[in-house]
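Participant: Starting off with a structure, shown below.
The values are calculated or read from the model by the stated rules, or taken from the named source; none is laboratory data. Quantities reported herein were computed from a predicted structural model and do not represent experimental measurements. Neighbour counts are summed over all protein chains in view; Cβ atoms, including those assigned to glycine, are modelled from backbone coordinates with ideal geometry. With ligands, DNA and RNA removed, areas are computed over all heavy atoms of the protein, side chains included. Shrake-Rupley method; radii C 1.70, N 1.55, O 1.52, S 1.80 Å.
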Amino acid sequence: MAERVADAVGTATVTAHLKERLYATITMISVVIGLAGTGHPDAAGAAATVATAAAGLWLASLVADQQAHRVTHGALARGRDLRLMLFVSSPLLLSAVGPLLLIGVSALGAMELRTALYTAAAVNVATLFGWGCYGGLRMGGGTALALLAGVIDAAIGTAVAVVKAATGH
């Protein structure tokens, strides 16, 4: 699948898209752990925070990309360039989907909000592990190196969660 997408939009664009996805995943770990640590959010407030964080990151990315495009090309990005910007930055919005679904499950009474937020963080750490393993396999290093890459990526996500929880923010 990655090869088909890369053929359609270019390897550099797919690389930037994946970089944003990883960045957004790590950022969302920080957001949900921060919410879980506050001890007083309700589902609506948590959902608003997650959605606002994702939308804010997305808008900041678009503004920065447009600024860079204007400086480099002397014009606003339009057409294909704008579509590529939107494609590259879309993971910043998509990073909110999993946490919002779990917050919704919490709002329906199926689990405590704090549990939903910690589950969202754990799913994101597992996602980092998966991307690390996939990257390790794509590099041809074999199963052991792929697992090591996955563990390293998951450790980064876990470190973000631990630091966020330890600082109490």
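Participant: Could you do me a favour and compute the accessible area per residue for the stretch 25-68, 1.4 Å probe, result in Å²?
Facilitator: The answer is 42 Å² per residue.
Participant: Over the chain, with a Gaussian network built from C-alpha contacts below 10 Å, which listed residue (T115, T127, T27) shows the highest mean-square fluctuation?
Facilitator: Maximum among the listed residues: T115.
Participant: Mean residue ellipticity at 222 nm from the helices of the chain, using -39,500 (n - 2.57) per DSSP H segment of n ≥ 4 over the full residue count, to the nearest 500 deg cm²/dmol?
Facilitator: So the helix-based figure for the chain works out to -30000 deg cm²/dmol.
Participant: Could you identify which residue out of T38, T143, T72 has the top mean-square fluctuation in a GNM of the chain using Cα springs shorter than 10 Å?
Facilitator: Result: T72 has the largest fluctuation of those listed.
Participant: Where in the stretch 1-95 are there trypsin sites (Lys or Arg not before Pro) that are in a DSSP coil and have at most 12 other Cβ atoms within 10 angstrom of their Cβ?
Facilitator: Passing sites in the stretch 1-95 are R78.
Participant: What is the distance, in nm, between label points placed 7 Å from the Cα along the Cα-to-Cβ direction at A126 and at K19?
Facilitator: 2.9
Participant: Shifting gears a bit: Of all accessible surface on the chain at a 1.4 Å probe, what whole percent is carbon and sulfur?
Facilitator: 69
Participant: Under a 10 Å cutoff between Cα atoms, tell me which one of L57, L100, L76 has the largest fluctuation in the Gaussian network model of the chain.
Facilitator: With Cα springs under 10 Å in the chain, the top fluctuation among L57, L100, L76 is at L76.
Participant: For the chain, which DSSP H helices look membrane-span-like by this rule: Cα extent along the axis of 20 Å or more and mean Kyte-Doolittle of at least -1.0?
Facilitator: For the chain, where a helix must reach 20 Å along its axis and average at least -1.0, the hits are 11-38, 43-73, 79-94, 113-138, 142-167.
Participant: Could you tell me which of rounded, prolate or oblate describes the stretch 71-169, using a ≥ b ≥ c as the square roots of the eigenvalues of the alpha-carbon gyration tensor, with rounded for a/c under 1.5 and, failing that, prolate when a/b is larger than b/c and oblate otherwise?
Facilitator: Oblate is the answer for the stretch 71-169, as a/c is 1.5 or above yet b/c matches or exceeds a/b.
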